[in-house]
Structures are given as structure tokens and as C-alpha cells.
Amino acid sequence: MSGKRRDSKNRILRNGESQRKDGRYAFKYIDATGKQQFVYSWKLEKTDKTPAGKRDDISLREKERMILKDIDDQIVPRGGEMTVIELVQKYLLQKTGVRHNTEANYKKTRTGVPAICKRR
């Protein structure tokens, strides 16, 4: 007997995928903030048909592909709990190949941001 997990149509499920008792598919992943998240769909593949009376949506594997791409691109879904300071620091870390004076100003800005925010 094979140790691979399968759905009700005998298709092999990938890591993180599962099928619930009601027939809906679920994908479990860890987001950029380190929290466990779930995504659901009535269809596993694009070619599957949505059950009668259920809302049509994109397939689970399409959702999975978009989520994994966002994670690879380090995109935080729904803004996460990122503060303005963390956003500025992330932006400045991505800036490469700048002149020495510009880099010095960026470093000054990183330390000066909290003081500016407190004044308002």
C-alpha cells in the first residue's frame, strides 16, 4: 500500500493539501509573519467542476501557486503587522548601488524616523 495521500477522486495530494469531509480542499501554509494560514476551494484543479449550489472560485492549486509566489517575492499579505519603520527599513535595504553620501543619509533616516513619528 502506498503512503501517498489521495482525495476522493484518487488523485495524489501535494504537501500542505488536504480534503475535508464535506469535499472541500484546503491548503495549509506559514505566512511571512510566521502564522499558520488556510486557504479553501471546492476545486483542486482548474478543470474540476464546482459542486451544485456552491460558489465558483479559482482552484486550490491556482491559489497555492499565487501564495507561494508572494512568499518567494517576500510580499506580506494584507499588510501584516508591519510598522512604518519596518517598511522604511525594508525599502532602504533593497536600495543597492547608491553613492556613499546617499547611503549615509539613508542610515541617518533609519535612526531619525522614530523621532519624526513621535512629534506628530
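The values are calculated or read from the model by the stated rules, or taken from the named source; none is laboratory data. Keep in mind the model is a prediction, meaning the values are calculated, not measured. Using ideal geometry, Cβ is built from the backbone for each residue, glycine included, and neighbour counts are taken over all protein chains shown.
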Q) Restricting attention to segment 24-41, and to residues there that are among the small types (Gly, Ala, Ser) and at pLDDT below 95, which single residue is nearest to Ile67 (Cα to Cα)? A) Ala32
**Q.** Members of segment 1-47 that are in contact (Cβ under 8 Å) with a residue 40 or more places away in the chain and hydroxyl-bearing (Ser, Thr, Tyr)
**A.** Tyr29, Thr33
Q. Quick one: is Asp57 surrounded by 12 or more Cβ atoms within 10 Å (Cβ to Cβ), at pLDDT below 95 and assigned to a loop (DSSP other than H, G, I, E, B)?
A. yes
Q: Report the residue count in segment 12-27 for those that are part of a strand (DSSP E or B) and of a type outside the set (Gly, Ala, Ser).
A: 5
